[in-house]
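In what follows, a single structure is set out as structure tokens and then discussed.
The values are calculated or read from the model by the stated rules, or taken from the named source; none is laboratory data. This is a predicted model, so every value here is computed, not measured. Here the Cβ is made from the backbone with ideal geometry for all residues, glycine too, and neighbour counts use every protein chain on show. With ligands, DNA and RNA removed, areas are computed over all heavy atoms of the protein, side chains included. Shrake-Rupley method; radii C 1.70, N 1.55, O 1.52, S 1.80 Å.
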Amino acid sequence: MAVAPSLIPLALVFAAIPVSLSLPFVLLHGIGNECSHQGTKNFTELLSDYSGVEGYCLEVGNGEWDSWFMPLEKQAGIICDKVKKMEELKEGYNIVGLSQGNLVGRGVVELCDGGPPVKNFISLGGPHAGIASVPLCGAAIFCRLADELIKSEIYSDYVQDHLAPSGYLKLPNAIPKYLEKCKFLPKLNNELPQVRNLTYKERFSSLQNLVLIMFEHDTVLVPKETSLFGYYSDGAFNSTIPAQQTKLYIEDWIGLKTLDKAGRVKYISVTGDHIKISNGDMRKYVIPYLQG
């Protein structure tokens with residue numbers, strides 16, 4: 001006997017409706033940018049429209065200015081405080097990082113005590129293994145100030161405290177000085193044996209997915225392979241080695257090998273210049289990880 005639709009228990013009707021398991025995402029922009037810029041606003045909205053989930057661009061201080069001149073650990077601390085206060089993120093969230101914003105995001109993953117859990121980390125053009133050249137800036141007043149700092153001793157305490165990209169400048173021919181004086185990336189990548197922190201490794205390796213996207217024609221990151229945790233061999237500027245041949249991976253300093261062996265790292269190469277991702281590649285490589 002057929003059952004009239006009006007007599008079907010309401011609970012069964014709702015049980016038949018798919019429930020979204022998607023989590024909100026936060027977007028962390030790169031150097032020389034800010035959330036109020038139209039391009040960043042459009043990109044955040046596009047990710048939300050394509051994925052159907054809420055997205056939030058989180059700002060650090062004065063945005064464009066502080067992206068250049070605030071130390072990265074302080075930037076990560078500000079974002080840490082923000083995500084802990086957001087009720088929308090309490091069940092967990094995903095991070096989409098653009099360029100330098102990926103290091104801020106990783107600082108949140110590894111260094112943020114008591115924050116909501118980060119599930120998926122989608123990195124577009126992130127300088128994860130460092131850079132051998134400071135990104136080009138331009139002619140604006142803050143660019144002229146940055147240029148003056150760049151011309152001075154990049155590993156001095158003053159520059160490390162006043163120029164954000166100095167915190168991940170890793171000159172292959174000055175590794176001992178980098179390890180001794182660089183204040184952010186050696187800590188983030190657990191490169192210092194005497195202070196290696198297992199908590200950073202545990203937090204990073206707890207990610208459900210780490211999506212690393214490199215842009216094949218990247219002219220900003222030197223080398224571009226840093227987006228995939230690849231880098232120059234110590235002492236060399238003429239050839240790079242993949243992540244799997246670095247000590248960071250082999251000795252599993254931050255859990256990258258652990259994640260990789262579990263099938264949770266996606267190494268992706270797309271055409272285009274620095275963080276210039278096509279709609280097709282965005283739908284293919286980014287959106288699925290925002291949709292759970």
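Below, the figures for the structure above:
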read-out	value
Those helices (runs of 4 or more DSSP H) lying entirely in region 24-104 with at least 3 residues more than 24 Å from Y285 (Cβ to Cβ)	64-69, 72-85
Any hit, region 259-274, residues being in contact with a Ser or Thr (Cβ under 7 Å, 6 or more places away or on another chain), among the aliphatic types (A, V, I, L, M) and open to solvent by less than 20 Å² (accessible area, probe 1.4 Å)	yes
Flag for K151 being modelled with pLDDT of 95 or more and basic (K, R)	no
Within region 36-50, tally of residues that are touching a Phe, Trp or Tyr at 6+ places or on another chain (Cβ under 9 Å) and under 22 Å from L103 (Cα atoms)	2
Any chance D252 is among the charged types (D, E, K, R) and either surrounded by fewer than 20 Cβ atoms within 10 Å (Cβ to Cβ) or part of a helix (DSSP H, G or I) (or both)	yes
Sole exception among (1) under 27 Å from N33 (Cβ atoms); (2) hydroxyl-bearing (S, T, Y); (3) touching a helix residue (DSSP H, G or I) at 6+ places or on another chain (Cβ under 8 Å) for S227, by number	(3)
Tally of residues being part of a loop (DSSP other than H, G, I, E, B) and open to solvent by less than 10 Å² (accessible area, probe 1.4 Å) across region 111-127	3
Subset of region 255-292 [over 27 Å from N42 (Cα atoms) and either touching a residue at least 24 places away in the same chain (Cβ under 8 Å) or not in a loop (DSSP other than H, G, I, E, B) (or both)]	G255, L256, K257, T258, L259, D260, K261, R264, V265
Breaking point among (1) open to solvent by 10 Å² or more (accessible area, probe 1.4 Å); (2) at pLDDT below 95; (3) not small (G, A, S), for W68	(1)
Top-ranked residue of region 233-249 - restricted to ones that are touching a residue at least 24 places away in the same chain (Cβ under 8 Å) and touching an Asp or Glu at 6+ places or on another chain (Cβ under 9 Å), ranked as least open to solvent (accessible area, probe 1.4 Å)	A243
Top-ranked residue in region 168-211 [being in contact (Cβ under 8 Å) with a residue 24 or more places away in the chain, aliphatic (A, V, I, L, M) and in a helix (DSSP H, G or I); ranked as farthest from A129 (Cα to Cα)]	I175
Residue satisfying condition, being polar (S, T, N, Q), at pLDDT 95 or above and buried (at least 19 other Cβ atoms within 10 Å of the Cβ), within set N197, N209, N189	N189
Complete set of residues in region 89-98 that are farther than 23 Å from N33 by Cβ and in contact (Cβ under 8 Å) with a residue 40 or more places away in the chain	E91, G92
